[in-house]
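**Q** Pasting in a structure now, in structure tokens, and then I'll have a few things to ask.
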Amino acid sequence: MMLKDKMRQLGRRDFLRYSAAGAGALMAPGLVRPARAETAGLTMHTWSAAVDTVQSHLSAFTAETGIPVNYGNSPWAQYREGMVAKFVGGAPLDAMWVSDSWLPEWAEAGWIAPVDEFDSLMKYNAEAEDFCTQSMTYGGRQYGLTYYTDYMAFLYDEAKLKEAGFDAPPSSWDELVEQSRVMKEKGIAEYPMMLAMAQESWLIEFISTLVYSHGGRLVDDSGSAVMQDSKEGAVEALQWVVDAVDKHKIVSPACVETGELAGLKSFAAGNHAFAMVAKYRLRMLNDPAQSQIAGNVKQAMMPQGANGSHATVGWMRFHGMSTQAAQDKARAENTAKLIEWFGGKSDGAYTFQKLLFLDIGAGFGVKPLFEDPEIRAAYDSYGDVNMIQAQQALARKKDTITPWFGEWNDTNGSAWQSAILGNVDAAGAVKKSADLWNELKDSY
Amino acid sequence: MLFLAPVMAVLGAVAVFPIAYSLYISFFSIKLTRPNRTPFVGLKNYTDLLGDEAFWGAVWRTVSFSLVSVSAIAVIALLVSLLLNQEFRGRRILSTILLVPWAIPYVANALMWKWIYDSSYGALNGILYQLDFIDKYMVWLGDQDKTLFLIANAFVWKEVPLATILLLVSLKSIPADLYLAARVDGATVWQRFVHVTLPAMKPGFMLVMIYETMMAIRHFDLFFVLTEGGPGSASHVLSWHIYVETFRNLSFGSGAAMSYLLAIATFALSYLFIRTLGRKI
């Protein structure tokens with residue numbers, strides 16, 4: 001019988017009857033079962049990065065352990081909101097990637113569980129960068145193993161530096177101003193320093209770097225704001241940016257609308273001599289297919305403020321375990337195996353971190369990989385591995401990562417932008433940010 | 001009634017329930033990141049907002065953006081519709097071209113304007129520089145005095161076609177007899193426009209004003225793509241404020257309260273337009 005004939009025979013009453021039956025079937029308790037009941041094994045969710053590498057490493061895990069893993073991923077831009085919805089909705093989840101920025105929020109909400117009771121995971125701390133371990137620790141408990149790490153680097157265009165008559169890159173922010181002014185006078189670059197201060201997720205990394213290198217911090221160990229204290233570097237750092245834009249005119253006033261990616265492209269197009277960007281961008285900047293200044297981009301230690309150091313900010317992402325997995329002993333042990341397979345060693349080596357580095361240039365958080373000949377060769381093809389390692393040793397975790405970080409971050413970004421735009425002085429902007437910080441801290 | 005039941009059930013599930021539930025949660029302090037603490041706070045979410053300086057700043061910027069953009073849309077759409085109401089060679093092609101901005105999705109439109117306004121490689125700077133109007137590339141979206149107007153410009157560009165079509169429909173519905181009678185009475189072009197055309201366009205105008213005001217007040221895409229509320233708080237409008245509160249801060253209670261205030265304001269404005277413009281229709 002033709003489909004058309006069948007449709008003709010389906011009367012209104014049949015349609016209603018079938019609709020009601022279908023709806024009833026969907027709503028009947030017991031028929032709606034969580035996906036987990038239908039699939040044995042673990043569920044892992046990540047953001048959409050290096051998906052093929054993750055999948056192939058998962059296949060190897062299943063082959064090795066016999067534990068199947070349901071793998072899902074979603075774009076970074078919607079990842080946090082999507083994961084929160086999964087947690088609140090009780091979606092099945094065992095392992096996931098976590099940003100250091102979300103750790104306090106997710107831990108306080110009881111969505112992720114500490115993994116420090118698994119000796120098989122804790123043994124890797126001995127070889128991990130300190131700031132990575134610290135970034136995965138909240139309330140004295142450790143919540144995972146490193147997936148990837150990086151830090152804010154200071155890069156310069158060697159050709160422009162030589163053209164301006166300098167032999168070495170600036171080692172302080174004041175020296176950077178001097179070199180930039182010479183470059184402006186010689187017409188080498190209108191805005192020699194590239195700073196991306198747009199309101200986006202990178203902004204806190206730029207701000208933290210400026211503050212750390214000026215010898216300060218935003219928040220003390222007790223979690224109280226110290227940024228408003230003129231001795232703590234934040235006001236000094238913001239004032240440096242304000243002066244760089246308004247007084248010295250070495251940073252474009254468009255910096256408040258320049259995001260990290262736009263700034264990177266501008267630097268790659270040869271518009272600037274200096275840039276503060278994530279270290280992993282060095283590979284792209286020295287790739288002739290992607291950069292007009294390829295071969296000239298070098299890394300130097302982060303310039304320091306008058307009372308500062310070459311410190312920079314580091315960030316990391318890690319493999320975490322859900323609380324629902326932790327509550328079931330067998331599931332927790334399997335999840336720990338999965339986390340070790342990715343964040344620790346598999347087959348006796350840090351295979352996944354190495355794969356990620358070689359595949360997409362993502363930084364690693366374990367020191368022994370710096371001695372790996374393949375990795376050294378890869379780094380040396382576009383950078384100076386010793387410089388990269390030296391700067392990474394001075395990376396510090398973001399001190400603002402708390403459960404209220406997300407609520408404070410937008411206001412803080414707006415406050416810094418307002419000072420750059422000249423609406424408020426640096427001290428006033430930082431005070432506004434500090435006041436909100438303390439208000440939020442009290443409310444939590 | 002039995003036959004309506006499935007439709008009513010679907011409508012109840014996808015429209016009535018979410019609306020009622022969002023009103024319900026606006027009386028609670030609900031933060032997704034604090035799932036175990038969701039106390040009933042009554043009207044506190046609403047009263048807190050009314051005393052919040054940032055909220056009123058966002059309201060003021062929303063009003064400014066809406067006033068500028070809706071006024072511009074109304075004037076430009078009126079002029080274009082009058083032009084397209086005339087018979088001339090190429091009118092159909094012009095009408096087709098006019099529809100292009102309307103056909104572009106909002107986010108694509110926003111991305112296009114982001115490129116146009118870019119301070120280092122944007123088309124706007126390129127054109128102005130080549131025409132010698134500027135001697136160096138200008139900062140556009142990063143200039144807080146220009147930001148809101150530039151976003152309004154992108155919004156106007158997108159919205160003018162629909163407004164033009166709505167006004168053109170009103171123009172086409174004016175009986176030719178009225179113009180003939182006015183001519184016989186010796187009315188000038190200007191008098192015919194003021195006494196025949198404009199009164200007959202009132203229903204179309206009302207529709208344009210209500211629709212475009214609602215669109216402008218609630219508009220989000222351009223703010224999201226072009227400036228994310230910045231620089232500083234220069235483009236921090238109400239829709240952006242609601243987005244940040246709800247989806248970044250994950251404060252669903254206060255986010256819902258803001259949304260209701262926005263909805264009430266939109267209804268109030270629509271009512272005002274109907275009362276004033278619609279009175280003599």
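**Q** With just the Cα atoms defining each centre, how far is region B:84-150 from region A:195-274? Give it in Å.
**A** Taking the Cα centre of each part, region B:84-150 and region A:195-274 sit 31 Å apart.
**Q** Highest mean first, what order results for B:158-165, A:46-53, B:83-90 on Cβ atoms within 10 Å? All intermediate terms of the calculation are to be shown ahead of the outcome.
**A** Details: B:158-165: 22.6, A:46-53: 16.4, B:83-90: 10.5.
Highest-to-lowest ranking by the protection proxy: B:158-165, A:46-53, B:83-90.
**Q** Taking other Cβ within 10 Å of each residue's Cβ, how do A:Tyr143, B:Tyr21 sort, fewest first? Write down the numbers at each step before the final one.
**A** Values: A:Tyr143 24, B:Tyr21 11.
Going from sparsest to densest Cβ surroundings: B:Tyr21, A:Tyr143.
**Q** Can you report the principal axis dimensions of region B:48-277 using only the alpha carbons, biggest first, rounded to whole angstrom?
**A** Projected onto the principal axes, the Cα atoms of region B:48-277 cover 65, 48, 26 Å.
**Q** I'd like the mean, over residues of A:258-267, of how many other protein chain beta carbons sit within 10 Å of each residue's own Cβ.
**A** Values: counts 6, 1, 0, 0, 5, 1, 0, 2, 4, 0.
That average works out to 2.
**Q** Turning to a different aspect of this structure: Once both axes come from the Cα atoms, what is the angle between helix A:234-246 and the longest principal axis of chain A, in degrees from 0 to 90, rounded to 10?
**A** The two axes meet at around 70 degrees.
**Q** Residues with beta-carbon under 14 Å from that of B:Phe267, excluding B:Phe267: net charge, scoring Lys, Arg +1 and Asp, Glu -1? Don't jump to the answer; show the numbers that get you there.
**A** On the way: positive: B:Arg218, B:Arg275; negative: none.
Every neighbour counted, the sum reads +2.
**Q** Describe numerically, in nm with one decimal, the distance between label points set 7 Å from Cα along Cα→Cβ at A:Thr53 and at A:Ala330.
**A** Taking the two extended label points, one gets 3.4 nm.
**Q** Could you give the nm distance between label points at A:Ala126 and B:Phe3, where each point is 7 Å from its Cα heading toward the beta carbon?
**A** That separation, rounded to one decimal, is 7.9 nm.
**Q** So which lysines can B:Lys114 reach, going by Cα to Cα under 25 Å and dropping same-chain residues fewer than 8 places off?
**A** B:Lys114 reaches A:Lys249, A:Lys265, B:Lys136, B:Lys146, B:Lys158.
**Q** Work out how much length B:Leu11 to B:Ser64 would gain on full extension: take 0.36 nm times their residue separation and subtract the Cα-Cα distance, in nm to one decimal.
**A** Numbers: separation 53, 0.36 × 53 = 19.08 nm, distance 3.57 nm.
Gain on extension, B:Leu11 to B:Ser64, equals 15.5 nm.
**Q** For every helix of n ≥ 4 consecutive DSSP H residues, a contribution of -39,500 (n - 2.57) applies; sum these over chain A, divide by its total residues, and give [θ] at 222 nm rounded to the nearest 500 deg cm²/dmol. Walk me through the numbers on the way to the answer.
**A** On the way: 21 runs with 209 residues, N = 444.
That comes out to -14000 deg cm²/dmol.
**Q** Let me ask something else. Helix by helix through chain B, keep the DSSP H runs that span 30 Å or more along the axis on Cα and average at least -1.0 on Kyte-Doolittle, and give those back in order. Write down the numbers at each step before the final one.
**A** Working: long enough: B:53-84 (46 Å, 1.77); B:147-172 (37 Å, 1.53); B:252-277 (37 Å, 1.37).
Membrane-span-like by this criterion, though nothing is claimed about a membrane: B:53-84, B:147-172, B:252-277.
**Q** In addition: For A:Asn73, what residues show an amide H to amide H distance below 5 Å, using hydrogens built from the backbone and excluding near sequence neighbours?
**A** A:Thr46
**Q** If neighbour count is taken as other Cβ atoms inside 10 Å, put A:Phe131, B:Phe273 in order from fewest to most.
**A** Values: A:Phe131 24, B:Phe273 19.
With the fewest neighbours first, A:Phe131, B:Phe273 line up as B:Phe273, A:Phe131.
**Q** Taking every pair of Cα atoms in region A:139-293, average 1/r, invert it to obtain the Kirkwood radius, and report Rg/Rh to two decimals.
**A** Details: Rg = 16.6 Å, Rh = 16.6 Å.
Rg/Rh: 1.00.
**Q** Also, I was wondering about something else. Compute and list, largest first, the equivalent-ellipsoid semi-axes of region A:50-117 from the alpha carbon gyration tensor, each √(5λ) rounded to a whole angstrom. Can you show the working numbers first?
**A** Details: eigenvalues 107, 47, 28 Å².
Values for region A:50-117, descending: 23, 15, 12 Å.
**Q** I would also like to ask the following. Within region B:86-112, whose backbone N sits under 16 Å from a point 7 Å along Cα→Cβ of B:Ile174?
**A** B:86-87
**Q** Related question: What's the center-to-center distance, using Cα atoms, between region B:1-35 and region A:400-422 in Å?
**A** Region B:1-35 and region A:400-422 have Cα centres spaced 34 Å from each other.
**Q** Which residue fluctuates the most in chain B, going by a Gaussian network model with Cα springs under 10 Å, if the choices are B:Ser69, B:Ser235, B:Ser95?
**A** Highest fluctuation among the options: B:Ser95.
**Q** Students often get this wrong, so check it: of A:Lys441/B:Lys44; A:Lys231/A:Lys397; A:Lys279/A:Lys367; A:Lys231/A:Lys279; A:Lys345/A:Lys397, which have C-alpha atoms separated by over 22 Å?
**A** Working: A:Lys441/B:Lys44 20 Å; A:Lys231/A:Lys397 20 Å; A:Lys279/A:Lys367 16 Å; A:Lys231/A:Lys279 29 Å; A:Lys345/A:Lys397 24 Å.
Beyond 22 Å between Cα atoms: A:Lys231/A:Lys279; A:Lys345/A:Lys397.
**Q** Moving on to the next point. Which aspartates and glutamates, on any chain, are close to A:Lys123 with Cα under 13 Å apart, when same-chain ones fewer than 8 places away are left out?
**A** The reachable aspartates and glutamates, counting only those whose Cα sits under 13 Å from A:Lys123, are A:Glu340.
**Q** Could you work out the local net charge near A:Glu232, counting Lys and Arg as +1, Asp and Glu as -1, over the other residues with Cβ closer than 9 Å to its Cβ? The partial results should precede the final answer.
**A** Details: positive: A:Arg217, A:Lys231; negative: A:Asp220, A:Asp229, A:Glu236.
My count for the surroundings of A:Glu232 gives -1.
**Q** Then there's this: Compute the acute angle (0 to 90°) between the alpha-carbon long axis of helix A:405-420 and the principal axis of greatest extent of the alpha-carbon atoms of chain A; round to the nearest 10°.
**A** On a 0 to 90 degree scale, this one is about 30.
**Q** Further question on the same structure: Give the Rg/Rh ratio for chain A, taking Rg as the radius of gyration of the Cα atoms and Rh as the Kirkwood radius, to two decimals.
**A** Numbers: Rg = 25.4 Å, Rh = 23.9 Å.
Reported Rg/Rh (Cα atoms, Kirkwood Rh): 1.06.
**Q** Take the Cβ-Cβ distance between A:Glu439 and B:Asp132 as r, set R0 to 35 Å, and report the resulting FRET efficiency rounded to the nearest 0.05.
**A** Working: r = 51 Å, r/R0 = 1.47.
With a Förster radius of 35 Å, E is 0.10.
**Q** Which of the aspartates and glutamates could a cross-linker bridge to A:Lys329, judged by Cα under 16 Å and excluding same-chain residues fewer than eight apart?
**A** Straight-distance partners of A:Lys329: A:Asp94, A:Asp116, A:Glu117, A:Asp119.
**Q** Okay, moving on. How are the alpha carbon pair distances in region A:395-444 distributed across 5 Å bins from zero to the largest one, expressed in percent?
**A** With a bin width of 5 Å, the distribution comes to 5, 22, 26, 20, 17, 8, 1.
**Q** Let me ask something else. Across the Cα atoms of region B:136-247, what radius of gyration and what greatest pairwise Cα-Cα distance (Dmax) are found, in Å?
**A** For region B:136-247, the Cα radius of gyration and maximum Cα-Cα distance read 20.3, 63 Å.
**Q** Points 7 angstrom from Cα along the Cβ direction at B:Leu50 and B:Ala181: gap in nanometres?
**A** That separation, rounded to one decimal, is 5.1 nm.
**Q** Another question about this same structure. Enter the angle in degrees (range 0 to 90, nearest 10) between the Cα long axis of helix A:329-343 and the first principal axis of the Cα atoms of chain A, meaning the one along which they spread out most.
**A** 40 degrees
**Q** Could you tell me how far the Cα centroid of region A:155-192 sits from the Cα centroid of region B:224-260, in Å?
**A** If you average the Cα positions of each part, the centres end up 40 Å apart.
**Q** Turning to a different aspect of this structure: Given the options A:Glu127, A:Glu200, A:Glu81, which has the most mean-square fluctuation in a GNM of chain A, springs set between C-alpha atoms less than 10 angstrom apart?
**A** Per the Cα network of chain A with a 10 Å cutoff, A:Glu81 tops the list.
**Q** Run the helix sum for chain B: -39,500 (n - 2.57) per DSSP H stretch of 4+ residues, divided by residue count, reported at 222 nm to the nearest 500 deg cm²/dmol. Walk me through the intermediate numbers first.
**A** Numbers: 14 runs with 175 residues, N = 281.
After summing the helix terms and dividing by residue count, I get -19500 deg cm²/dmol.
**Q** Normalise the Cα radius of gyration of region A:235-312 by 2.2 N^0.38 Å (N = residues in it) and let me know the number.
**A** Numbers: Rg = 13.6 Å, N = 78, 2.2 N^0.38 = 11.5 Å.
Working it through for region A:235-312, the quotient is 1.18.
**Q** Quote the Stokes-Einstein diffusion coefficient, in whole µm² s⁻¹, for region A:355-444, based on the Kirkwood radius over alpha carbon pairs, a temperature of 25 °C and a viscosity of 0.890 mPa s. Display every interim value, and only then the final one.
**A** Numbers: Rh = 16.4 Å.
Stokes-Einstein gives a translational diffusion coefficient of 150 µm²/s.
All of the numbers you see were taken from the coordinates with simple rules; none came from a lab. This is a predicted model, so every value here is computed, not measured. All Cβ positions, even for glycine, are placed from backbone atoms using ideal geometry, and neighbour counts span all protein chains on display.
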